[in-house]
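Some notes on the structure that comes next.
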Amino acid sequence: MSNNERVLKFHILRYNPQLKGDIPTMKTYEVKEAPGMTIFIALNDIRENQDPSLQFDFICRAGICGSCAMVINGHPDLACRTLTSKFPDGEIKLMPLPGFELIGDLSVNTGKFMRAMSERVESWIHDQYADNVDLDRLEERMDPDVADEIYELERCVECGCCVSACATKRMRDGFLSAVGFMRLARYALDPRDKRSDEEFYEIVGDDDGVFGCMTLLGCQDYCPKDLPHQTQIAYLRRRMALVR
Amino acid sequence: MKVVYTDSLVIGGGLAGLRIAIAARQRGYDSIVLSLMPAKRSHSAAAQGGMQASLGASIKGEGDNEDVHFEDTVKGSDWGCDQDVARMFVNTAPKAIRQLCAWGVPWSRVRKGDREVVINGQKVTITEKDEAHGLITSRDFGGTKKWRTCFTSDGTGHTMLYAMDNKAIQLGIQVHERKEAVALIHEDGVCYGAVVRDLVTGELVAYVAKATTIATGGYGRLYAVTTNAVISEGIGNAIALETGIAPLGNMEAVQFHPTAIVPVGILTTEGCRGDGGLLLDKDGYRFMPDYEPGKKELASRDVVSRRMTEHIRKGKGVSSRYGDHLWLDITLLGRQHIEKNLREVKEICEYFLGIDPVKEYIPVRPTQHYSMGGVRTRSTGESPTMKGLFSAGEAACWDMHGFNRLGGNSVAETVVAGMIVGEYVADYCAQNPLNINTKLIEQFMDREKEKISALLSRDKGENPFELKKEMQQIMMDKVGIFRNEADLSQAVEELKVLHQRSKNIALRHKISSSNPELVEAIRVPKMIRLAQCVAYGAMLRKESRGAHAREDYPERNDRDWLKRTLTFWPDENADLPEVKYEDLDIMKMEMPPGSRGYGVDNTIHHPDTEKRVAQLEEIKKANPNADRFEMQRLLNPIEIPDKFRGKNERVGKGFK
């Protein structure tokens, strides 16, 4: 952290699709850097003191909720935990995450995409008895290692970085993307989910699914939670290839 | 005029709100959830450390049951809670956790055999029983007799919220995202839904429902520094208050968490101390045993936060450009443990502080964390004065936390209240056909439209961001951990001025669609009113109870203050809320007031306490053969939905 106060330059894409005739433009804002400043702090400073119309999304501001993914100097990442001190020249270019419907400026509609993804992979435990479990009795046992492994895959925060970093998704609009593969892999690993490989194949066994992946692995490179996308995609592919 | 009809409208898409929508849906009622953002981003996701439920599978949880959990919860609340509700809660918590297990939460499990843990700064080996292998395990948390906090690493809230939202998706429950309820629609003491603003298009839509539930979380953002998400602004509480009919309960009961990082206030879980972490001062000295020789770092949150503040005031804090702080030391837990069970904490330290908590101490300070107060409800979750209005989770004052909540009891409350209140919401939908005049809807819609056009047309006036900052600073400086008459009365006066000024907000950016400044302008006057409820309630309560600590009234005063604060705002033009009180009846308590066992017991007792203690002794003597369930029914019979009445099984104990 430098003790000399710097003036940061934020170059931000401005566009409000709600305003008729609005044209996307890049606007530059200057902000005096403070110690420990994150992009969360800087953007709020701009909104409060320079331009109250600036749109962006933050919820937890602690890297937990996944709301604030944006393209920061060309790389998708969580803005809330990105320190401005990371950028030696003090020039920070912010763009909304591609691959999602734009709400305005840096705000995108990840919610719609993620709900559709969850519906597509049927992101829930498939067990006809799940709703008839006797809640008074001991829960079904699970191997402690299996529980830990499931949690590893469940750490995804649906931020959308993997979707925006995916070249296949850019070419194929219906591509499920790494977030969907990870979700499916999580349920495939879970002994409580009674779906068979044939049933999983119905969901991901095509070019919009796991066979469409070109293995460029932007997902692996840009996942803020360091989830094992590469391993899981390779594993799912092998497992699905064995189905037919 | 656009109107959306449903049976059960839920405002807020966190754990409590989703669970209520699920309950109503499973009973065959249409449910719509309104959320400011995708439901999976709700603040519930930030709960790291765990959920309390007395499963007693881990060896350190052996002997745990509903009674022990009840006792901890009541003591933790400093006898301010509703004991009927606490009873319903402890009985249902094991069922809630088991249901979430069936719905997919990968709870961390017991592994049979030896494992090394850190207790009181020492490495100790404990041996888990063979027969518990694979059951849900638990960790230690503050203010609890047993290791009762069940967890998924330190991502408990995340995994619970994902399982819950996925269940809602499975059931086809609609979550209407980026929608904000700005007013409740009501007439003659009955609630009929809400006026809702679309945060993208700016359109106002009326959501009309048989039952309306407020599940919008806490009001932490009334404070300048808080662990809460930026959306925890209490707007759900405010729209209930603005009806003038529905009261808020115990708004002055605000919890400060001992270990948020400095300066940004992001939480590091109580699991850090539960798993053996220590608090150190500027000399690297472990000071908590000097203050609280019994529970040390694992005293209740309010106690630890006060002790830390006292220690800092003695000059023992570490000075920094952001003010004094103390250290949280988890280095003694070792890399393996931290990377597995405290990995969110590790990430937070790396990203926001640039330190590795495996090797370095974490700078921490007590920080606003939880709102015990909220929309006052009966044990059914319904407002006592407004039919059809329900509330659950942190937004509610259901009141199982009284004046201090135990760690791990908040996510537990969200799902347990969701289950219980959800049944009552469904009952309400079954019994009350929707009967509303569209003129009423129009009237409420017009009122909100007019308010917004006034904001958009005013040329000169107050800046909403500035007003909010001033309010947050007043709350920080004058309505904090330690309180006194001078500060509180100043806060009340200053907030009155802000309230006046908030009637004259003008915008720089005058468009009605997606406009962050307009959102702020709508919220800030509501937040200022809530702040007034907190500050005024704190000024009037002349005792110390739980998290409400008065320097000028240090004793808990059961004689005069064993009562719940109810705050109303009947006159829109008034400068202060109206405050009433609701007595807590000792003669009905299963556990009459006693000592929490921290520091000196300087309680001023209520005359009924002695009477009730004697009465309980008699009942116990007269029924020497009653088992613990029969005894509980004798001491305090409670209503609970049939579904959740059963006894809970525990390993090695059966249903005893």
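The values are calculated or read from the model by the stated rules, or taken from the named source; none is laboratory data. Note that the structure is a prediction, hence the values are computed from the model and not measured. Virtual Cβ from ideal backbone geometry, glycine too; neighbours counted across all protein chains shown. When the accessible area is computed, the model is the full protein with side chains, heavy atoms only, and any ligands, DNA or RNA have been set aside. Shrake-Rupley method; radii C 1.70, N 1.55, O 1.52, S 1.80 Å.
Key figures
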| item | result |
| --- | --- |
| Candidate set from the stretch B:637-652 (those that are assigned to a loop (DSSP other than H, G, I, E, B) and at the interface with chain A (Cβ under 8 Å from one of its Cβ atoms)); member that is surrounded by the most Cβ atoms within 10 Å (Cβ to Cβ) | B:Asn648 |
| Residue in the stretch B:106-117 that is open to solvent by 10 Å² or more (accessible area, probe 1.4 Å), in contact with a Lys or Arg (Cβ under 7 Å, 6 or more places away or on another chain) and under 30 Å from A:Cys159 (Cβ atoms) present | no |
| Candidate set: the stretch B:502-520, residues that are among the small types (Gly, Ala, Ser) and within 16 Å of B:Lys179 (Cα to Cα); chosen: the one farthest from the other protein chains (Cβ to nearest Cβ) | B:Ser512 |
| In the stretch B:122-142, the residues that are open to solvent by 10 Å² or more (accessible area, probe 1.4 Å) and farther than 14 Å from B:Asp64 by Cα | B:Gln122, B:Lys123, B:Val124, B:Thr125, B:Ile126, B:Thr127, B:Lys129, B:Asp130, B:Glu131, B:His133 |
| The stretch A:1-49 - residue that is among the polar types (S, T, N, Q) and open to solvent by less than 60 Å² (accessible area, probe 1.4 Å) and, of those, nearest to the chain's Cα centre (by Cα) | A:Thr38 |
| Residue that is surrounded by the fewest Cβ atoms within 10 Å (Cβ to Cβ), among those in the stretch B:557-579 that are touching a residue at least 24 places away in the same chain (Cβ under 8 Å) and within 22 Å of the chain's Cα centre (by Cα) | B:Val579 |
| Of all residues in the stretch B:2-38 being of a type in the set (Lys, Arg) and over 24 Å from the mean Cα position of the chain (by Cα), the one that is nearest to B:Ala163 (Cα to Cα) | B:Arg25 |
| Candidate set: the stretch B:469-492, residues that are of a type outside the set (S, T, N, Q) and free of Cβ contacts under 8 Å to residues at least 60 places away in the same chain; chosen: the one farthest from A:Pro52 (Cα to Cα) | B:Ala486 |
| Within the stretch B:580-618, tally of residues that are in contact (Cβ under 8 Å) with a residue 60 or more places away in the chain, touching a strand residue (DSSP E or B) at 6+ places or on another chain (Cβ under 9 Å) and part of a loop (DSSP other than H, G, I, E, B) | 1 |
| Filtered residues of the stretch B:144-162 (kept if open to solvent by less than 10 Å² (accessible area, probe 1.4 Å) and either closer than 19 Å to B:Arg405 by Cβ or more than 8 Å from chain A (Cβ to nearest Cβ) (or both)) | B:Thr144, B:Arg148, B:Thr149, B:Cys150, B:Asp154, B:Thr156, B:Gly157, B:Met160, B:Leu161 |
| Within the stretch B:83-101, considering residues that are more than 12 Å from B:Glu413 (Cα to Cα) and within 8 Å of another protein chain (Cβ to nearest Cβ), the one most open to solvent (accessible area, probe 1.4 Å) | B:Gln99 |
| Residues that are among the charged types (D, E, K, R) and over 19 Å from B:Ala163 (Cα atoms), drawn from the stretch B:93-140 | B:Arg111, B:Lys112, B:Asp114, B:Arg115, B:Glu116, B:Lys123, B:Glu128, B:Lys129, B:Asp130, B:Glu131, B:Arg139, B:Asp140 |
| Positions within the stretch A:108-129 being open to solvent by 10 Å² or more (accessible area, probe 1.4 Å), assigned to a helix (DSSP H, G or I) and among the hydrophobic types (A, V, I, L, M, F, W, C), in sequence order | A:Phe113, A:Ala116 |
| Filter result (free of Cβ contacts under 8 Å to residues at least 24 places away in the same chain and not in a helix (DSSP H, G or I)) within the stretch B:619-636 | B:Asn623, B:Pro624, B:Asn625, B:Ala626 |
| Subset of the stretch B:495-515 that is over 27 Å from the mean Cα position of the chain (by Cα) and in a helix (DSSP H, G or I) - its residue that is farthest from A:Ile103 (Cα to Cα) | B:Val497 |
| Candidate set from the stretch A:130-143 (those that are under 32 Å from the mean Cα position of the chain (by Cα) and not acidic (Asp, Glu)); member that is surrounded by the fewest Cβ atoms within 10 Å (Cβ to Cβ) | A:Arg141 |
| Residue identified as within 14 Å of chain B (Cβ to nearest Cβ), within 21 Å of A:Arg238 (Cβ to Cβ) and crowded, with 21+ Cβ neighbours inside 10 Å among A:Val179, A:Val157, A:Val210 | A:Val179 |
| Candidate set: the stretch A:98-107, residues that are within 10 Å of chain B (Cβ to nearest Cβ) and closer than 11 Å to A:Met70 by Cβ; chosen: the one surrounded by the fewest Cβ atoms within 10 Å (Cβ to Cβ) | A:Ser107 |
| In the stretch B:402-434, the residues that are hydrophobic (A, V, I, L, M, F, W, C), over 15 Å from B:Phe89 (Cβ atoms) and in a helix (DSSP H, G or I) | B:Val425, B:Ala426, B:Cys429, B:Ala430 |
